[in-house]
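Accompanying notes for the structure given below.
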Amino acid sequence: MESRTALSSRLDSPRLADSFGRVVNYLRVSVTDRCNLRCMYCRPVQDFKAIEHSDILSYEEYLRIIKLAVPLGLSKIRLTGGEPLARRGFHRFLDEVMKAAPGMDVRLTTNGTLLAGQAKTLAGLGLKAVNISLDSLDPETFHRITGADLFHQARSSIDECLEAGIRVKVNAVALKGLNDHELPAFLELARTHPLDMRFIEFMPIGGDTLWDDTLYWPASDILERAGQLAELSPVVYGDEGHGPARMWQIAGGQGRLGVISGLSGHYCLTCNRLRLTCDGRLRPCLYSDTEYRLRPLLRSEKSSDGKVLEVLRRALARKPMGHKLLAERGRRGVCAKSMTSIGG
Ligand code: SAM
């Protein structure tokens with residue numbers, strides 16, 4: 001346990017670092033808990049209860065937090081949700097974020113289904129990279145996983161973004177028995193397009209979500225099978241590291257294949273993230289429901305930037321090692337909140 005003096009000196013530090021010395025420079029901002037899809041691994045089994053509109057941060061409130069966090073050493077902001085493109089006024093907000101944080105690496109995570117006709121505008125606002133979630137290249141399987149008949153909209157968002165000069169990473173949750181037979185098709189997508197195709201291990205997020213051990217398709221199996229289908233060479237990273245994804249170049253291909261192994265090979269030691277939920281809570285670890293409330297402070301008459309910063313630093317100082325939580329609690333719903341509420 002950190003001593004009181006050590007903790008208070010960390011709270012005074014000009015940069016954001018946690019009690020394990022991890023520098024936190026990446027803020028993931030969830031702009032809504034609403035989503036037009038009902039992905040089986042993401043939605044709660046019981047009816048999803050949306051957060052009251054009045055409890056969701058206004059864009060101005062997000063901007064206030066971002067402006068305060070930027071000078072503390074943030075270098076990357078990801079706008080996510082729910083489905084960020086489902087929130088009204090998103091383009092204006094993106095524009096404001098770009099202006100509030102000039103030079104910042106600002107990215108978007110979307111299911112792509114609402115993106116049609118917007119890629120050029122997003123690129124014009126300064127968006128350089130987007131993650132598009134696409135769990136299947138087959139319309140029927142897409143429907144089965146997401147509950148929506150919107151495959152073509154999602155698929156064409158990839159081409160639209162590439163044409164607009166936006167870097168694309170495609171993320172598919174790896175689901176045994178559901179999309180594992182599509183590995184050759186996903187490899188072909190990465191071979192023929194200049195994009196990163198990444199499989200995310202299914203994670204037991206949300207006590208009430210449809211976690212199912214039998215659907216778990218580990219990264220090691222994906223790589224073994226992919227290695228039989230294509231010649232893969234590992235991407236070597238320098239001192240800057242590589243975040244949670246491990247990538248492979250596909251021989252003769254334009255794009256790359258990767259895996260994000262949140263369950264079989266955690267990346268807690270290098271975790272540089274802090275999440276801001278749409279109801280204004282700072283969540284230092286994906287796997288822990290311990291959150292630090294900012295909304296009451298933002299809306300209080302006694303609110304001050306100093307107090308907001310204090311909560312920000314406190315949340316960071318207490319950022320846990322998530323893999324310990326995974327080990328302690330087993331795989332069954334490691335936390336109570338679903339991804340759509342946390343902001344994946
Ligand atoms: N609506 C946007 C989208 O679909 O990309 C952003 C929000 S979504 C919650 C962000 C990411 O979380 C998606 O790539 C989704 O597949 C992933 N995700 C959600 N639940 C997950 C789970 N239980 N295991 C692994 N990934 C999950």
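The values are calculated or read from the model by the stated rules, or taken from the named source; none is laboratory data. Worth saying up front: this structure is predicted, and the values here are computed from it rather than measured. Note: ideal-geometry Cβ built from the backbone for every residue, glycine included; neighbour counts use all protein chains shown.
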*Subset of the range 187-203 [within 18 Å of residue 133 (Cβ to Cβ) and assigned to a loop (DSSP other than H, G, I, E, B)]*: 193, 195, 202, 203
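For the range 297-323, give me each residue that is assigned to a loop (DSSP other than H, G, I, E, B), farther than 20 Å from residue 266 by Cβ and of a type outside the set (Asp, Glu).
300, 302, 303, 304
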*asked:* Pairs please, first residue from the range 259-281 and on the phi > 0 side of the Ramachandran plot, second anywhere and of a type in the set (Lys, Arg), Cβ atoms under 9 Å, 6+ apart in sequence or on different chains.
replied: 280/293; 280/295; 280/299
*What single numbered condition from (1) within 16 Å of the ligand (Cβ to nearest atom); (2) modelled with pLDDT of 95 or more; (3) in contact with a helix residue (DSSP H, G or I) (Cβ under 6 Å, 6 or more places away or on another chain); (4) not aliphatic (A, V, I, L, M) fails to hold for residue 59?*
(1)
*Residues of the range 24-77 satisfying the condition of being without any contact (Cβ under 8 Å) to a residue 60 or more places away in the chain and farther than 27 Å from residue 300 by Cα*: 47, 75, 76
*Considering each of 164, 190, 219, 172 in turn, give the residue that is over 30 Å from residue 323 (Cβ atoms) and in contact (Cβ under 8 Å) with a residue 12 or more places away in the chain.*
164
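From the residues in the range 12-43 that are of a type in the set (D, E, K, R) and not in a loop (DSSP other than H, G, I, E, B), which one is farthest from residue 83 (Cα to Cα)? Don't jump to the end; show me each part of the working.
Going residue by residue through the range 12-43, those that are of a type in the set (D, E, K, R) are 12, 15, 18, 22, 28, 33-34, 38, 43.
When the remaining residues are screened for being not in a loop (DSSP other than H, G, I, E, B), the result is 12, 28.
Details: 12: 35, 28: 13 Å.
Ranking the qualifying residues of the range 12-43, first place goes to 12.
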*Taking the options 262, 280, 206, 255, name whichever one is closer than 30 Å to residue 87 by Cα and more than 16 Å from the ligand (Cβ to nearest atom).*
280
